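What follows is a short report on a single structure.
The values are calculated or read from the model by the stated rules, or taken from the named source; none is laboratory data. Keep in mind it's a predicted model, so treat the numbers as computed, not measured. Methodologically, a virtual Cβ is constructed for each residue, glycine included, from the backbone with ideal geometry; neighbour enumeration extends over all protein chains shown. The accessibility values were calculated without ligands, DNA or RNA, using every heavy atom of the protein model including side chains. Shrake-Rupley method; radii C 1.70, N 1.55, O 1.52, S 1.80 Å.
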Amino acid sequence: MLLLIASKRFYERKLKKDQQAISDKLQAEKDEFLKKEAEATERQIIKLQTEKLQGELAGKNRELANSAMSLVYKNELLQKLSQEMLKIKDSSGKPLAEEQLRKIQKVIDDGMNDERDWNLFESSFNEAHESFFKKLKANHPDLVPNDLKLCAYLHMNMSSKELASLLNISLRGVEIRRYRLRKKLEVPHDKNLVEFLMEL
């Protein structure tokens with residue numbers, strides 16, 4: 001009888017121990033599964049957030065490009081007006097008086113050099129590339145506002161013709177500015193200036 005009772009107790013203890021081991025194993029597997037599920041969910045959330053941010057950035061870049069191209073178009077139109085103005089003749093067939101031409105040219109020049117255009121562009125540019133100017137100013141504190149302006153336009157990969165229109169200078173003037181900027185930024189000889197600025 002004693003042997004049977006002892007055997008029964010031993011068996012019950014072993015059964016309880018086995019049940020606990022199985023329960024612990026199941027709990028560990030459940031915890032591992034939940035952990036993996038949480039990690040997968042977190043990865044999915046990060047992926048969605050990244051895609052959303054990339055989409056927003058692409059949208060801002062499109063807006064920025066449209067804004068820049070509108071400025072280019074406006075300035076090209078004003079330059080054309082400036083050229084056509086010289087061909088205008090009065091009712092007697094004579095060219096317009098020098099004083100009149102100067103007044104009209106001043107209005108055109110003011111329109112081409114309107115700082116409000118740059119301020120709007122700069123604001124949009126900062127939204128799309130918030131750390132660009134900070135990095136530039138931190139690494140190259142000697143850059144003047146015209147240098148920063150050129151850097152922003154180059155970062156957007158604008159052509160020399162577009163730059164000439166935006167900055168109201170000749171193509172030769174653009175090349176000179178690019179050369180001076182290269183020296184200020186200490187861009188290596190084997191590195192393209194636009195690539196250098198795009199990597200900032």
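Name the single residue, out of those in the stretch 166-182 being assigned to a loop (DSSP other than H, G, I, E, B) and within 22 Å of Ser67 (Cβ to Cβ), that is modelled with the highest pLDDT. Quick ask: steps written out before the conclusion?
As a first pass, look at the stretch 166-182 and keep what is assigned to a loop (DSSP other than H, G, I, E, B): 168-170.
Pick out the ones that are also within 22 Å of Ser67 (Cβ to Cβ) and you get 168-169.
Numbers: Asn168: 85, Ile169: 88.
Ranking the candidates gives Ile169 first.
For the condition over 29 Å from the mean Cα position of the chain (by Cα) and under 30 Å from Gln105 (Cα atoms), Glu84 qualifies. Count of the stretch 156-165 residues, restricted to those that are assigned to a helix (DSSP H, G or I), open to solvent by 20 Å² or more (accessible area, probe 1.4 Å) and touching a residue at least 24 places away in the same chain (Cβ under 8 Å), is 1. How about the stretch 168-184: which of its residues are of a type in the set (A, V, I, L, M) and closer than 24 Å to Lys106 by Cα? Within the stretch 168-184, Ile169, Leu171, Val174 qualify.
Any residue at all in the stretch 42-53 that's more than 30 Å from Ser124 (Cβ to Cβ) and touching a helix residue (DSSP H, G or I) at 6+ places or on another chain (Cβ under 7 Å)? Full working, then the answer.
To start, the set of residues in the stretch 42-53 that are more than 30 Å from Ser124 (Cβ to Cβ) comprises 42-44.
Still in the list and also touching a helix residue (DSSP H, G or I) at 6+ places or on another chain (Cβ under 7 Å): none.
Within the stretch 42-53, not a single residue is more than 30 Å from Ser124 (Cβ to Cβ) and touching a helix residue (DSSP H, G or I) at 6+ places or on another chain (Cβ under 7 Å).
Can you pull out every residue in the stretch 126-143 that is under 21 Å from Lys184 (Cα atoms) and not hydroxyl-bearing (Ser, Thr, Tyr)? Break it down into steps so the answer makes sense when it comes.
Step one: of the stretch 126-143, the residues under 21 Å from Lys184 (Cα atoms) are 131-143.
Within the stretch 126-143, Phe132, Phe133, Lys134, Lys135, Leu136, Lys137, Ala138, Asn139, His140, Pro141, Asp142, Leu143 qualify.
Within the stretch 172-186, restricting attention to residues that are among the aliphatic types (A, V, I, L, M) and within 15 Å of Lys137 (Cα to Cα), the residue that is surrounded by the most Cβ atoms within 10 Å (Cβ to Cβ) is Leu181.
Working only within the stretch 37-70, note down all residues that are under 27 Å from Asn119 (Cβ atoms) and among the charged types (D, E, K, R). Across the stretch 37-70, the qualifying residues are Glu56, Lys60, Arg62, Glu63.
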